[in-house]
Each structure stands twice: as C-alpha cells, then as structure tokens.
Amino acid sequence: MPRVSDMKKRLTDAALDLMWENSYGTTSVDAICERAGAKKGSFYYFFKSKSELTVAALEAEWNKNKANMDALFSPTVPPLERFDRYFDHVQLQEACGSILGCPMLSIGSEVSTQDPGVRATVERIWDRKIKYFESAIRDAHAQGLIEAPDPEAKARALFACYHGTLAQARIENDVGLLRDFKQVAMDVLGVKHVQAASS
C-alpha cells in the first residue's frame, strides 16, 4: 500500500513540474510517467486522463502549501506585514534557470478555454488564496492603515495585479519585477496615501 500511495504522489508531482517548466500542451502522459518512474498502466490505474491528473496535481499543490499560507497570513502577524511575508516568497525554479511564476497561472491560462475541470480547479484554489488577502485587508482597514470598505474587491485587484506581474516576470525572465512588487502592493492598497494624509 505505501508503494501505491507513493506512486500517485510521484505522478502528480511529475505532472505539475513538467507543466510548470514547459506547458500543459507539450507535457505528454509518456513524459509524466518517465519523470515519475512509472509505467503507463500505473498512470491509468489512478487517473482516467491527463486532465484528471492535472486537477489532482493542482489540488495536491494547494494542500502542500496551505500550512505555509496559514503561517504567512496568521492573524497574529500585523496585516500589512502579512503581504510583505507573502511577496517575499517568490516562486523561482533555479534548476532550469528561469522564472516560472505561478503554476496555476501558467496552466490555467493555457487550458481554461479548453478544459472546464482544470479551469474550475484553478478558480477554486485562487478563491481560497484571495480569502487570505481579503482577511489581511479587512484587518488593515479596521486598524486604519488603509481605506478599504470593500475588502473583497481590493483583494481581487491586488491578486490580479500580482499575477499579472508574475506573468510579466516569467516572460521577461526578470526577478527584479517581483522584488519591486511589495511597493506596488502598498500603492494598490493605498498605504502611502493614507500615511501621507495622516502625517
């Protein structure tokens, strides 16, 4: 049984890595099996299709990172510091020498119009992440650090801005865009304006 469990994880890990490094379209079932050290029969024992595997891989990635998100956005951390800590976690892949950005952005933007199952999974996971942003923004507003009467709208705007920057950083292979984003985030949140008005 442990070997069966391990093989499923190896397949989801291999799929996500290959799709993140390259693309969904160029990642074949054969390549996934080769990376995972699995036979094709093992693949079809667990998954009916590459699409089903992708959904499982994205959910597994979320489950792996959830504890980290809980820690970064802990209510015990000052609300604006939560964003600093989050944006410091730049997703890089040094092994391939390129900035890969967010796997859900890469996979979701590629196949969202073709695969409703993958699209729904990305949307569901992104909604969970946006809730962390929303909670921090609500707390910052309550403390008078920013003006955000609609924390959900502000959270979605900041989340979209960040993922647009991630996409640009991947295209240009420029980590500097991500290093500068913390200040951009504070501007989007209106921190400079509020602090200037109160001084």
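So the values come out like this:
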item: Cleavage-rule hits, GluC sites (Glu not before Pro), region 97-160, DSSP coil, Cβ neighbours within 10 Å at most 15; result: GLU147
item: Cα-based Kirkwood hydrodynamic radius, the chain, one decimal, Å; result: 18.3 Å
item: For region 102-189, alpha-carbon Rg and Dmax in angstrom; result: 14.4, 44
item: 0 to 90° range, to nearest 10: angle between helix 116-142 axis and the chain longest Cα axis; result: 20 degrees
item: Helix axis angle, 151-172 relative to the chain longest principal axis, alpha carbon, degrees; result: 60 degrees
item: Helix-derived mean residue ellipticity, 222 nm - over the chain, DSSP H n ≥ 4, -39500 (n - 2.57), to 500; result: -23500 deg cm²/dmol
item: Crossing angle, helix 50-72 versus the chain [Cα axis fit, 0-90 degrees, rounded to tens]; result: 40 degrees
item: Square roots of five times the Cα gyration tensor eigenvalues for region 31-75, Å; result: 30, 11, 7
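Any read-out appearing in this document is the output of simple, stated calculations on the displayed coordinates, not a laboratory observation. What you are looking at is a predicted structure, and each value in this text was computed from that prediction instead of being measured. Here the Cβ is made from the backbone with ideal geometry for all residues, glycine too, and neighbour counts use every protein chain on show.
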